[in-house]
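The values are calculated or read from the model by the stated rules, or taken from the named source; none is laboratory data. Because the structure is a prediction, the values reported are computed rather than measured. Every residue, glycine among them, receives a Cβ derived from its backbone with ideal geometry; neighbour counts consider all protein chains shown. For accessibility, only protein heavy atoms count, side chains too; no ligands or nucleic acids. Shrake-Rupley method; radii C 1.70, N 1.55, O 1.52, S 1.80 Å.
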Amino acid sequence: MKIKMLFTVLALSAVVFTSCEDNKKKEQAEKERMEQMEAEREAEMQAEKEKMEMESNSIAAKAMETDTLSTLVSALTAAELAEMFKTEEGPFTVFAPHNGAFNNVDKATLESLMQPENKEKLADVLKYHVVSGEVTSQQLVQAINENDGKYEISTVGGGTLVASLDGENVILTDENGNKATVVTADVDASNGVVHVIDAVVMKKA
């Protein structure tokens, strides 16, 4: 009888021990799962924070904050390019025509480009003002000086611009021979740099 009771106690002890071990394993697994979820949540929050910080300092944000670039912002929106300069990492160099530059474009031509059915043509014009990579004014001047006074720039929209110097001013000459002067240089953004120019440049038709 005593032996039987002893086996019973041992058996119950084994069950209790096993149960305790199982509970510990479950608790540990649950703890690890919660820690992983917390880590993932923190990573998501950090990524979102970084995205918001980037967007608030992006090329698009800088343009939107600048009153003299309001026509460019409208054009970027019409061409569905605003999001590109807001969220894409880049970096890009944008030669941004100010409002006065757009005022010098033939009114009928500009109104036509801003129509929804012509958004691809408008995008093509705007991308001609964009260079892949970040090029500061200092780097641009250096490149001009190292290339006998003229530096050819390939644009995102295809085609080329030729940069040169007129005194201390950087001049861009488009494929039609029209010129634009950089009037404000090195507006720093999270995904590149903006140089404000006084004319709209165009590729050869």
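Could you list, in sequence order, all residues of region 174-189 that are out of contact with any Gly (no Cβ under 9 Å at 6 or more places or on another chain) and open to solvent by 30 Å² or more (accessible area, probe 1.4 Å)? Steps first, please.
Looking only at region 174-189, we keep the residues that are out of contact with any Gly (no Cβ under 9 Å at 6 or more places or on another chain), and these are 176-188.
Once the filter is applied, which keeps residues that are out of contact with any Gly (no Cβ under 9 Å at 6 or more places or on another chain) and open to solvent by 30 Å² or more (accessible area, probe 1.4 Å), region 174-189 yields Asn176, Gly177, Asn178, Lys179, Thr181, Val183, Thr184, Ala185, Asp186, Val187, Asp188.
Pick from region 102-118 the residues that are touching a helix residue (DSSP H, G or I) at 6+ places or on another chain (Cβ under 8 Å) and crowded, with 16+ Cβ neighbours inside 10 Å: which of them is nearest to Ala75 (Cα to Cα)?
The extreme case among them is Met114.
Among (1) surrounded by 13 or more Cβ atoms within 10 Å (Cβ to Cβ); (2) free of Cβ contacts under 8 Å to residues at least 24 places away in the same chain; (3) within 23 Å of Phe85 (Cα to Cα), there is one condition Leu161 misses while meeting the rest; what is its number?
(2) is the only condition that Leu161 fails.
If we keep just the residues of region 125-154 that are free of Cβ contacts under 8 Å to residues at least 40 places away in the same chain and assigned to a loop (DSSP other than H, G, I, E, B), which is surrounded by the fewest Cβ atoms within 10 Å (Cβ to Cβ)?
Across region 125-154, the extreme among qualifying residues is Asp148.
Tally time: how many residues in region 170-205 are over 16 Å from the mean Cα position of the chain (by Cα) and among the small types (Gly, Ala, Ser)?
Going through region 170-205 one residue at a time, the tally reaches 5.
Quick check: anything in region 170-177 touching a Phe, Trp or Tyr at 6+ places or on another chain (Cβ under 8 Å) and modelled with pLDDT under 95?
No, the conditions are met nowhere in region 170-177.
With region 71-119 as the region, which helices (runs of 4 or more DSSP H) entirely inside it contain at least 3 residues that are in contact (Cβ under 8 Å) with a residue 24 or more places away in the chain? If you could, list the steps in order and put the result at the bottom.
On the way: elements: 82-87, 99-103, 107-113.
Answer list for region 71-119: 82-87, 99-103.
Of Glu80, Glu42, which residue is open to solvent by 60 Å² or more (accessible area, probe 1.4 Å), farther than 22 Å from Ser137 by Cβ, modelled with pLDDT of 85 or more and out of contact with any Leu (no Cβ under 8 Å at 6 or more places or on another chain)?
On the way: Glu42 fails: modelled with pLDDT of 85 or more.
Answer to the check: Glu80.
Check region 82-93 and report whether any residue there is of a type in the set (A, V, I, L, M, F, W, C) and under 25 Å from Ala205 (Cβ atoms). Spell out the reasoning first.
Residues of region 82-93 of a type in the set (A, V, I, L, M, F, W, C): 82, 84-85, 92.
Applying the additional criterion that residues be under 25 Å from Ala205 (Cβ atoms) yields 84, 92.
There is at least one residue in region 82-93 that is of a type in the set (A, V, I, L, M, F, W, C) and under 25 Å from Ala205 (Cβ atoms).
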